[in-house]
Amino acid sequence: MNAIAAVSLNWGIGRGNDLLFHISEDMKRFRALTSGGTVIMGRKTLESMPNGKPLPKRRNIVITRNTDFVQEGVEAAHSVQEALDMAAGDDPDRVWVIGGGEIYAALLPYCRLCYLTRVYQQPPCDVFFPNLDARREWQILRSGAIVSDGSLDYQFIEYVNQSFSLP
């Protein structure tokens with residue numbers, strides 16, 4: 001399983017149930033990596049999607065405490081373990097944790113790789129991604145050049161969890 005996110009300098013990922021950044025190349029990368037796979041997210045992340053709809057061309061697993069939650073195109077899991085069990089038969093390289101903050105924190109120990117878009121800004125935020133630089137088990141595997149997109153500078157960085165061995 002992998003995680004994917006865009007983070008600010010202080011590891012912020014969102015504010016007011018919205019993303020901090022809307023970078024065209026980041027969105028293209030997200031689509032290219034996750035299409036055809038399984039995405040695992042929290043209910044609030046699903047609600048933040050356009051029209052609150054699941055992502056097309058992906059299996060959508062939503063973790064929610066609401067046992068009455070039902071939505072077309074979504075498989076509801078009522079715990080982290082249930083989500084892990086649901087995705088257990090999928091190709092682990094094609095399973096993606098996509099947010100929000102609580103979901104990243106709970107599932108990051110089960111991830112082998114983390115694909116980050118590091119944005120060199122620090123806007124106000126109320127949701128954070130775990131700081132991988134402060135965790136010994138996470139090391140940078142690859143980092144791209146810093147790119148400028150108008151007023152934003154960003155960089156694609158891949159982290160590897162040293163607890164796992166890459167194929």
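The values are calculated or read from the model by the stated rules, or taken from the named source; none is laboratory data. None of these values were measured; they are calculated from a predicted model. With ideal geometry, Cβ positions are generated from the backbone for all residues, glycine too; neighbour counts draw on all protein chains shown. Keep in mind that these areas ignore ligands, DNA and RNA; they rest on the heavy atoms of the full protein, side chains included. Shrake-Rupley method; radii C 1.70, N 1.55, O 1.52, S 1.80 Å.
Summary of computed values
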quantity: Residues that are within 15 Å of the chain's Cα centre (by Cα) and either at pLDDT below 95 or closer than 19 Å to G36 by Cβ (or both), drawn from the stretch 59-82; calculated: R59, N60, I61, V62
quantity: Options E72, E158, E137, E82: the member that is touching a Ser or Thr at 6+ places or on another chain (Cβ under 6 Å) and either among the charged types (D, E, K, R) or more than 23 Å from R31 (Cα to Cα) (or both); calculated: E137
quantity: Cβ pairs under 7 Å, 6+ apart, first in the stretch 131-155 and free of Cβ contacts under 8 Å to residues at least 60 places away in the same chain and open to solvent by 60 Å² or more (accessible area, probe 1.4 Å), second β-branched (V, I, T) and outside any strand (DSSP E or B); calculated: D153/I146
quantity: Every pair of residues 6+ apart whose Cβ atoms lie under 7 Å, when the first sits in the stretch 106-128 and is under 18 Å from S151 (Cα atoms) and open to solvent by 50 Å² or more (accessible area, probe 1.4 Å) while the second is outside any strand (DSSP E or B) and of a type in the set (S, T, Y); calculated: Q121/S8; Q122/S8
quantity: Among residues of the stretch 156-167, those that are open to solvent by 70 Å² or more (accessible area, probe 1.4 Å) and either touching a His at 6+ places or on another chain (Cβ under 6 Å) or not small (G, A, S) (or both), counted; calculated: 4
